[in-house]
Structures are given as structure tokens and as C-alpha cells.
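For reference, the structure discussed in these notes is given below.
The values are calculated or read from the model by the stated rules, or taken from the named source; none is laboratory data. Not measured: the values here are computed from a predicted model. Cβ placement follows ideal geometry from the backbone for every residue including glycine, while neighbour counts extend to all protein chains displayed. Side chains included, ligands, DNA and RNA excluded: accessible areas come from the protein's heavy atoms. Shrake-Rupley method; radii C 1.70, N 1.55, O 1.52, S 1.80 Å.
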Amino acid sequence: MGDPAVVVGVDIGTTSTKAVAYDTGGRQLATHSIGYPLEEPQPGYAEQDPVRIFDAVVGSIRAVVEELHRPVAGLSFSTAMHSLIGLDADGTPLTPSVTWADSRASAQAERLRAVPSGLAIHRRTGTPVHPMAPLPKLVWFAQQQPTLHARVAHWVGVKDYVLLRLTGALVTDHSVASATGLMDIHRLVWDAEALRIAGITEEQLPRLVPTTHVLPGLAAGAARATGLPADTPLVVGAGDGPLANLGLGAVHPGEVACSIGTSGAMRVMVERPGVDPLGGVFCYALTEHRWVVGGAINNGGIVLQWANEALAPELGEHAEEELLDLAARAPVGSGGLIMLPYLLSERAPHWSALPRGAYVGLTHGHGRAHLVRAALEGVCQQLALVLASVRAAGNEVREIRASGGFARSPLWRQILADALGMPVRFPAGHEGSSFGAALLGMQALGLIESIEVAADLVRIEETVRPDPASAATYAALLPLFSELYDALVPTFASLRRLAPSLPPEPPPTAPPQ
């Protein structure tokens, strides 16, 4: 009996592309990543060079193929969601890749959110009306760069562009499309009203295909560049958020995947699409019968990085452990100190680019330990609000699995479990989205029976249970945390109005990821 088949999961991320080869037993055989910058040429802009990303994809695949010394049964793709690129008729980029972190369309998003059709579009498309999404970005291009907008033959995401260059096929999957604000998630077609608002036609968008759609092979140049046979099948794949659920083994309804990296997210697997009445969550596709409902937050590990630089600069740039030790000296609830961690504005569940960070309840008795701990607690309380919105959308939450850089800290693990009021399970380290992409590819190619094998392939390393007294403290503080956002919205708006007349605010020390 020969070796198990191998599929390479290719994860096109915000800061790098990582290719990882897995066999059908879930074993990681080879990995390679190539990074690229996130450019910020003006305040609010967050762009990348799509050609450079394509080269990183090809280079990472080639490195893995050379390391493997085994046949590759197929490639399958994951991608950061919400990117937008304008192409000419020949497929040449006319714009950079405008990433999810780009906020230039804030005014367009706010105007659209303020009218009744804004929430209706959110409910139909599953995508919040927020500057991260391609819909407001397209409105921005139509209003701010109308000549360029008129020249664009096709509007695509970064994975669509990569697949076009690899295969010659102009397609986008239901998962990526469900994060554009342009596709009706209930009918799996481009939404006519959203396209009218965006000022584009259906012919300017890629053909919609399932995430398990198989493209039959590589163009000759791409085959040479990757070192793969031309007939190597490519599985179109999905967005990195839904695939992260799959990569963590959270594949059954009621299973939540929570991640805290630089930013953070919480997503529950469901069997049919839908958002809550207030529009607090997104709904993105994984497969025909698997969707994820949840929310992303802008401010995760970036808050700890800020605390290091602003509150304890003498500890140096990489003082995470000392900073967490400092936070551990403060009591649960930080002595009544609440931090709204909106350093990079915020997404779920309010989906607004307006908010800023705030400390509330500060007294003479609070010190650095309280300030740092309150920052960690604020991130976890924001995730608790997202979890409440997931439940408000009518979804059962049975289990939570978590991953990300924060998981290295026992303190942060415990704060998360206490703030969510549920046990949190931590899987042993799989590369979430690339593993999810490989599993989806294996199902599409008939190498495994179902993606549900993920639940058996992912081993749980530790389960952190909430401390009842701490959980009660956070539960009591959560309504105050939630109310503070609404109470401060007028102040946030006034600060924005005053901003042009004030000395410029310092730029973020690192772009969000």
C-alpha cells in the first residue's frame, strides 16, 4: 500500500502566503511562507501589490513541492477576505489590492448603514456594511475615482486574481463572495441592488462557484513556475475565517472557533445562512451546508503591543511575558477599571469605524498593573459581546475552541474562559486556515469522505474552565462595557469632527493583521 495522498493548502494572508502540505491523515509534511508588506500611502489606506502576492504564492508552492519529493494530488486555497482589485480586460491590475484593513470608505459605509436598505443588504448578503467590505469600497471608487472606476473590466478579490493567473479561469467561490456585500447568501447569486449601489454589472464580477469547485489544471507558465504537472487539479477553496473553523475541528453546528492574533474573531458553524435582526454578526459560507456566523474585532494582540509601548516602554519591544506577569498582579475586574480597546476603531458587533479606545473608572488607586489587565479584559469582553450577538442570531453555542498568539499566555486563556463563561478548548497546533483548505481540497478531490473528519484529526491539548467567581464578576461588568459604547458615540463623533483642527494623531505602530 502506497503513501497517503498529499494536498497542499495555500493560505493567502494579509502579511504572507503560507503553503503547507498535508496527507489524508492530517500530518503536516512540508511548509513554506513568503511575506510581503502592507502599504499605507495615506491615512486610512491599507494596500498591497497583487503581483507581489502572486509571486509569493508561486514561490511558497514551489518550495513545498521541492521539499516533498512526493506527488501532489492537488492544491486548495484559503484567502484573507474582503480584498478588492480592479483589472483591465487582459487581467492586468489597475489598482492595488485594497485590503480589509483599508478604511477609506468609512463615509460611504456610514451613509449606507444609516438608511433602511443598509441593514436589508446586510441581511441579504451576510456582510456588514463596513469600510472593510468591497461594496463600500466600490462606492468610494465610483465617487472618488470615477475615471478609473469606469476603466475597470473586472473587480476581483486577491485569490480570484491568483487563480486567474494560475489557470486562466475567472471565478470566485461562495465563501469569498459572501464577504463582499455583493452576493445574496440565500440564493447564491449576485445581488442586483448591491450591484446597482456599487455602480457595476454582474459581467464585471467573476463567475460564482462552490468552494469545492475543481479547476482542471495549471497554465503552462504556472506549471513551470510551481514545479507541478500541468494537470494538477486546483480546488478553488474558501475564505480564511470559515476555513479556520474547519482547521480547528469546529465543524458541527454549535461549535465556535475563537482566535486572538493581532486582531480577533469568533465564528460558530451553522447549517443554513442568516444574521441577527440587529445586524451584529456576519454570515459567510464554507460549503453548501456549512456556514459560519460571527464577528471579527480589530483589537486583539495589538492592544497588548500598545500597552507595552505606552505603559511600560522600559521593558523593551518584546516584553510580552513581563507585561502579562504585571497584569496578573491586578485583581479580576481591574478594580472597577474598564477599557474599551478600540485603538484601531472596531468591527463586531457595532461595525463602525467611529469608536476610539477609552479607560473609564480610573482612580488614584489604579496603577500600571490595573491598566494592562483592563486592556486584556477589554479584548475578552468585546469577544463576549460578539458571542452574545451570535446567540441573538438564534444559534446554539455548545463548545468553544480557541487559537492564536494569545494562547501562549495562561493568564489570557483564563480571562477568556471567565469572560465567555464557558470552557475553552485549545487544540494542538494545526495551521488553522491552511489545514482547513487542505481538508476542503481532500473532500473535493474524493480523498476523504467528508470535512467532518476534521473533528477527529484535531487533538485538544488543554481545556480551560471558567472560575465561577471570576465569571460572575465579568458577567456583572459586561452590561456596563456594552453601554459605554453607546454612551460615547456622540463623543467619538465630536472627536472626528474636531480632528482636522487638532494636531495630527500619531499613526498606528503596526498595521492590523
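Would you give the gap between the C-alpha center of the range 204-246 and the C-alpha center of the range 135-152, rounded to a whole Å? Comparing the Cα centres of the range 204-246 and the range 135-152, I get a distance of 28 Å. Counted residue by residue at 0.36 nm each, then reduced by the alpha carbon distance between them, the extension gain from R408 to A310 reaches 33.1 nm.
For the chain, leaving out every one of the trypsin sites (Lys or Arg not before Pro) that falls in a DSSP loop and has at most 14 other Cβ atoms within 10 Å, the longest unbroken run is 28-186. Near G91, once Lys and Arg are set to +1 and Asp and Glu to -1 for all other residues with Cβ below 11 Å from its Cβ, the sum equals -2.
Can you tally the net charge around T79? Count Lys and Arg as +1, Asp and Glu as -1, for every other residue whose Cβ sits under 10 Å from the Cβ of T79.
-3
When the Cα gyration tensor is reduced to axis lengths a ≥ b ≥ c, the ratio a/c is 1.5 or higher for the range 398-513, and with a/b not above b/c it is classed as oblate.
If a spin label sat at a point 7 angstrom from the Cα of A472 along the line to its beta carbon, no backbone N atom of the range 311-344 would be nearer than 13 Å.
Given R0 = 51 Å, the distance between the Cβ atoms of R368 and A220 translates into a calculated FRET efficiency of 0.25. Shown here for the range 188-280: GluC sites (Glu not before Pro) in loop regions (DSSP other than H, G, I, E, B) with at most 15 other Cβ atoms within 10 Å, namely E271. The residues neighbouring A471, those whose beta-carbon lies less than 10 Å from its own, together hold a net charge of -1 under the Lys/Arg +1, Asp/Glu -1 convention. Of the residues T463, T211, ranked by 1.4 Å probe accessible area with the largest first, the sequence reads T463, T211. Taking every DSSP helix (H) stretch of at least 4 residues in the chain, weighting each as -39,500 (n - 2.57) and dividing the sum by the residue count yields a mean residue ellipticity at 222 nm of -11500 deg cm²/dmol. Segment L148..D88, full-extension length gain: 20.6 nm, with 0.36 nm per residue of separation and the alpha-carbon distance subtracted. Between R196 and T491, the distance separating the two model label sites (each 7 Å from Cα on the Cα→Cβ line) works out to 4.2 nm. Take the Cα of T463, go 7 Å toward its beta carbon, and the backbone nitrogen atoms of the range 415-430 under 17 Å from that spot belong to 417-418, 420-428. For the range 462-503 versus the range 435-452, the inter-centroid distance based on Cα atoms is 40 Å. Percent of accessible area on the chain owned by carbon and sulfur, 1.4 Å probe? It is 54 percent, rounded to a whole number. Between E40 and R391, the contour length at 0.36 nm per residue exceeds the alpha carbon distance by 122.7 nm.
Solvent-accessible area per residue in the chain equals 38 Å², computed with a 1.4 angstrom probe and all protein chains kept.
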